[in-house]
Amino acid sequence: MEKNTPITVPALTCLATALLLSAALLGGCGLPADNAADPVIDAGTASGAQSQDGNHAVSETQNGAQTDNAGQSFGGKALSQEDSSLLAALQEASEEEVLLFDCADYDNDGVREAFAFTGTRQDGYLKGHIWFAGAGGTQQLAPRRQTPDGQTVGEQPEYFQDRSAVLETADGLCYWYAETDGASSTLSFLWGVQDGSPYETVLSGKGMNLTKDGNDNFFLTQSSFDGGTDGAGHSYKPCYFYYAGGAFHEYGSCPLTQEEFLALEGAADCIAPFQAENYWIREIWLRGNGLIQVNMTDNSLNKTVACAMEGGSLAVISENDGLSGTLIGEIVSADWFGGQNALQSIWEQKNSGQDGLFAALQPNENAWYDLNGDGLPEIICFKTDYDEESYRSEGISIEIDGREVWSLKQGAAGYYVWVTDLDAADGKKELVLKGQEENDCIFMLKLLSYENDALKELGDLAETSVLNGTGNLYRISSWDEGYGNYIKIPGDGTLSVWADTPVFVNGLGCYYVKLSFRCSDNGFTQLQQDEYEMKVPWMYGEPFVYTAQAALPFFDSPEDQPSGVPSFILDPGDQMYCLALAPCTEELIFVKMERTDGSEKGWMLFSETQLFTELPGWG
């Protein structure tokens, strides 16, 4: 496949994408007829004739007719000699009835290939196997979701709906689409051909009811159980993709703070009806196609409110049960396609400050990232043993491609998993695993790599010495101002966190300090600095003001104390902000402070003695 290249999506695409949010896609049903995006297969088509839609460039095939044993027609449509040969080869190789059969020059090399589904026709569905035929012969295929190791091809039958399609794209490449059968949810499969060989695209098996509009925009519905906060409640949520440069991309997302969201025209009106029903905001995502998804909860049910710009003001497009986000992290794009408006400047500012990949995974839901660098994304899922009576997790397990590769039996208030990229040059991704107690203290913050079909621990920040051995990394800020990452990992082998009061002295109180680390074969090592940036408080409100209760000397550097000459004296009642710290001992700490008017800066030694009238508390 060629390298991804951005495309320009008309402004109407934003509305079409948003309208999809309100569509109920269950058991293979298509979208409403008035929706701007239509299903790849029209569920209402009853004839077996081939049709061509000028907007979709999709050949729709309803395979209701019986196969002609002579191989000269299929589904009531006459076949060319080349296609007849492919059909005959598939019949001979499979020794089963060919139920779905679609021919095209899939890789645009002048040679036609065929995908097929063979087996038996059941009561309303098909049972059998996927096959491919091309210049190199025939082969049976097995989706990666079922057989990631490729060792059980043919052992487990597939259950498909009686419909399939050839999906054509603007660059001349074609893909074969089919949908599994199911009661409350299905899966869309999408196969392509490269250099004459079949492969399963990155969209395949990730969601249900594949849908396409006229601008090479694609939509998958995610079926999950996050309608309720207890992990129950079936929800159906749209996920957004586009096709360019011979590859599929997912419209990216970046987090918005409540302040950023509410500053937008119309934002408060969008969520007011839900707040009146006791829903509160969990998180807010701005998508690259111009949508804003507000994930809300009333502590019992979860809901996504989707908003879009209309005439310079935000308006609610639709709402869905459950929590929305990106689906396939490996193909998320940072490009903006949402039109020229206030959201574009926010998007560009957020993405210009992005420091590497740090994507949160949801428990019991699949995510797709290339962990081992082989070019194919692994299927990642973590599960926790949650006890509803104690409101605690009794343990955690991590599965890769359907196989458990790591587990721990230990009680915790919660377990959390992220995907990150420690070294952007090696093509691999890593997992970050956090174990947390009720007071937000962490007892585990591990970085894990996937090697030789197993997870390997690279290091644990909770066990790493900080500030020359004087401090402990027991609590970390859960939000990074300006982007939203729990940990900054720029992809050069280092990472940074905002640590909550790693060295506590009564005279200073609580604070946050930025610490950076490098990961090696020996675990994590803190990167030493002359001074470390501080913030008090971390995110909300104005900086904490320290008011002197006695005359206090300040020095040009920590080394000037205690024998040096002060650079200035702070009088009682004068006020200061914190800027940075330098460690001394477990009970002493140097802090760089600045007058609130910005006129003077200096260092002072803090100890157990309280020097200011009030001090910041925990949190």
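Between S73 and E259, the contour length at 0.36 nm per residue exceeds the Cα-Cα span by 60.7 nm.
Note on surface exposure: H249, H129, H234 rank H234, H129, H249 by accessible area, highest first, 1.4 Å probe. Indicate the gyration tensor shape class of the range 77-205 (rounded, prolate or oblate), computed on the Cα atoms with a ≥ b ≥ c the square roots of the eigenvalues: a/c under 1.5 is rounded; otherwise a/b larger than b/c is prolate and the rest oblate. Verdict is rounded for the range 77-205. For the range 380-440 and the range 503-568, what is the separation of their C-alpha centers, rounded to whole Å? Cα centres, the range 380-440 to the range 503-568: 32 Å. K514 sits with roughly 70 Å² accessible to a 1.4 Å probe, with DNA, RNA and ligands left out of the calculation. Straight Cα distances below 20 angstrom link K428 to the lysines K3, K446, K456, K488, with same-chain residues fewer than 8 positions distant left out.
What does the charge add up to near P273, with Lys and Arg as +1, Asp and Glu as -1, over the other residues with Cβ less than 15 Å from its Cβ? That sum, taken over residues with Cβ under 15 Å, equals -3. Take E463: with every protein chain present and a 1.4 Å probe, its accessible area is about 140 Å². Peptide packing for 134-142, 599-607 was compared via the average number of neighbouring C-beta atoms within 10 Å per residue; ordered from the highest value, the list is 599-607, 134-142.
Filter the cross-link list K206/K237; K383/K434; K303/K350; K212/K237; K350/K429 down to pairs whose alpha-carbon distance in this structure exceeds 18 Å. Too far apart for the 18 Å limit: K303/K350; K350/K429.
Take every pair of alpha-carbon atoms less than 8 Å apart whose residues are at least six positions apart; their mean separation over the length of the range 77-205 yields a relative contact order of 20 percent.
Classify the range 338-491 as rounded, prolate or oblate from the Cα gyration tensor: take a ≥ b ≥ c as the square roots of its eigenvalues, call it rounded if a/c is under 1.5, otherwise prolate when a/b beats b/c and oblate if not. The shape class here is rounded.
For M444, the accessible surface of its heavy atoms amounts to roughly 10 Å² (probe 1.4 Å, protein chains only, rounded to the nearest 10).
Cα centroid separation, the range 72-96 to the range 223-296: 46 Å.
The values are calculated or read from the model by the stated rules, or taken from the named source; none is laboratory data. Predicted model, so just to flag it, every value in this text is computed and none were measured. Counting neighbours? That spans all protein chains shown, and the Cβs are built from the backbone with ideal geometry, glycine included. These accessible areas exclude ligands, DNA and RNA; they are computed on the full protein's heavy atoms, side chains included. Shrake-Rupley method; radii C 1.70, N 1.55, O 1.52, S 1.80 Å.
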